[in-house]
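J.: Attaching a single structure in structure tokens format; questions to follow.
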Amino acid sequence: MLVPTLTACTQPVRLPLTVGSNAWVGYDPLALARDQHLFDSKRIKVVGLSSSSETLRYLRNGLLDAGALTLDEALRLNDEGFDVRVVALLDASSGADIVMGDPSVRQLADLKGRAVAVESTTVGALMLRRLLKAGGMTTGDIQAVHLEATQHLDALRAGRVIASVSYEPIASVLREAGYGKLFDSADMPGDIVDVLVVRNLVLKERPDDVAALVAGWNRGLQAFMQEPEEVARIMGPASDLSPQDYLKVLGQLHFIDPQESLRELSGNPPRLAQSSGPLSTTLQEMGLIRQAPDWAGLVDTGPAMAALAMGDKS
């Protein structure tokens, strides 16, 4: 007797689209969207990482589909040959990126000949360059010690460094430990903008999921802005910030609404090319990117347009 063979005709399991972000108030609408189920967790998975350096590392190694980064980090990633697309602008820093220093540092010139902790990221290098320029110094006047931001406090306490190129919420931890502000991003408007990037291969293969990710960010941002005090109460502990300190950091950020984001990404060249042209030039001067970016090839408005359409139908 012949036993019929059963052939399974099941579809392959579709893994969630993975998006990485580190602990940064500017990225918290993404975490809020996850926690309040504002997108389908079977389609989108938010991966919490310790630093932007780790997000970059995961993207380079193909362990993430998307990531929240600063624009300068995205430009550097693109310049290295990684095929990514900017699909949304998230926020702009106006004081939330901070250089903290030992109380003995009375003025920026006191850093001359001393060691300064800085992450090996483009935003860290950019902050350090602006700091040195403000203090009338050059890179040869200080010793840059490359450490991830989570290691800066230990280095300060051990006396290995005199100052730290940091950002919230880590800067608040340094402040609580007795270190003071020397310089912040309020002195460098337009230089630090957060963006959402997606690997282009993923965008081509899963455009609907990328649009769902952008739509989830939009919903998270809307919820975030509607009740900031409640958000500060909920999200503050994850950043080691009191609700009051969390709200203070929010005051140092400009969140970019979906319509503004789409306008900046639109055009040929996109408007972003003009507003961030000086940043691109500075990165070239610093040797962090080799050439001006192909802005038209770097951005993709498709997910943002689809996400806005989803919002109109909801």
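The values are calculated or read from the model by the stated rules, or taken from the named source; none is laboratory data. Since the structure is predicted, the reported quantities are computational estimates derived from the model, not experimental observations. Cβ: placed from backbone, ideal geometry, glycine included. Neighbour counts: every protein chain shown. Side chains are part of the model used for accessible areas, which takes the heavy atoms of the whole protein and leaves out ligands, DNA and RNA. Shrake-Rupley method; radii C 1.70, N 1.55, O 1.52, S 1.80 Å.
J.: When you look at residue 232, is it surrounded by fewer than 17 Cβ atoms within 10 Å (Cβ to Cβ), within 23 Å of residue 37 (Cα to Cα) and of a type in the set (A, V, I, L, M), yes or no?
T.: no
Condition check ((1) out of contact with any strand residue (DSSP E or B) (no Cβ under 7 Å at 6 or more places or on another chain); (2) within 16 Å of residue 89 (Cα to Cα)) across all residues:
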{"site": "189", "(1), (2)": "yes, yes"}
{"site": "198", "(1), (2)": "no, yes"}
{"site": "216", "(1), (2)": "no, yes"}
{"site": "233", "(1), (2)": "yes, no"}
{"site": "256", "(1), (2)": "no, yes"}
{"site": "259", "(1), (2)": "yes, yes"}
{"site": "263", "(1), (2)": "yes, yes"}
{"site": "294", "(1), (2)": "yes, no"}
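J.: Which pairs turn up if I take residues in region 38-52 that are closer than 15 Å to residue 28 by Cα and look for partners that are open to solvent by less than 60 Å² (accessible area, probe 1.4 Å) and among the acidic types (Asp, Glu) with beta carbon separation below 8 Å, at least 6 apart in sequence or on another chain?
T.: Filtered contacts from region 38-52: 50/148; 51/119; 51/148; 52/73; 52/119.
J.: I've got another one for you. When you go through (1) in contact (Cβ under 8 Å) with a residue 12 or more places away in the chain; (2) surrounded by 15 or more Cβ atoms within 10 Å (Cβ to Cβ); (3) among the polar types (S, T, N, Q) one by one for residue 268, which number turns out not to apply?
T.: For residue 268, the exception is condition (2).
J.: So which residues in region 119-160 are touching a residue at least 24 places away in the same chain (Cβ under 8 Å), aliphatic (A, V, I, L, M) and over 14 Å from residue 182 (Cα atoms), if there are any at all?
T.: Scanning region 119-160 gives 123, 125, 126, 137, 142, 144, 145, 147, 149, 153, 155, 156.
J.: Among the residues of region 98-118, write down those that are open to solvent by 10 Å² or more (accessible area, probe 1.4 Å) and either under 20 Å from the mean Cα position of the chain (by Cα) or among the small types (Gly, Ala, Ser) (or both).
T.: Within region 98-118, 104, 109, 113, 115 qualify.
J.: Could you give every pair whose Cβ atoms fall below 7 Å, whose first residue belongs to region 240-265 and is part of a strand (DSSP E or B), and whose second residue is among the β-branched types (Val, Ile, Thr) and surrounded by 20 or more Cβ atoms within 10 Å (Cβ to Cβ), counting only separations of at least 6 or pairs across chains?
T.: 253/25
J.: Just one of the numbered conditions (1) open to solvent by less than 10 Å² (accessible area, probe 1.4 Å); (2) without any contact (Cβ under 8 Å) to a residue 60 or more places away in the chain; (3) not aliphatic (A, V, I, L, M) is not true of residue 194; which one?
T.: (2)
J.: Which of the residues that make up region 110-160 are charged (D, E, K, R), modelled with pLDDT of 95 or more and within 18 Å of residue 184 (Cα to Cα)?
T.: 110
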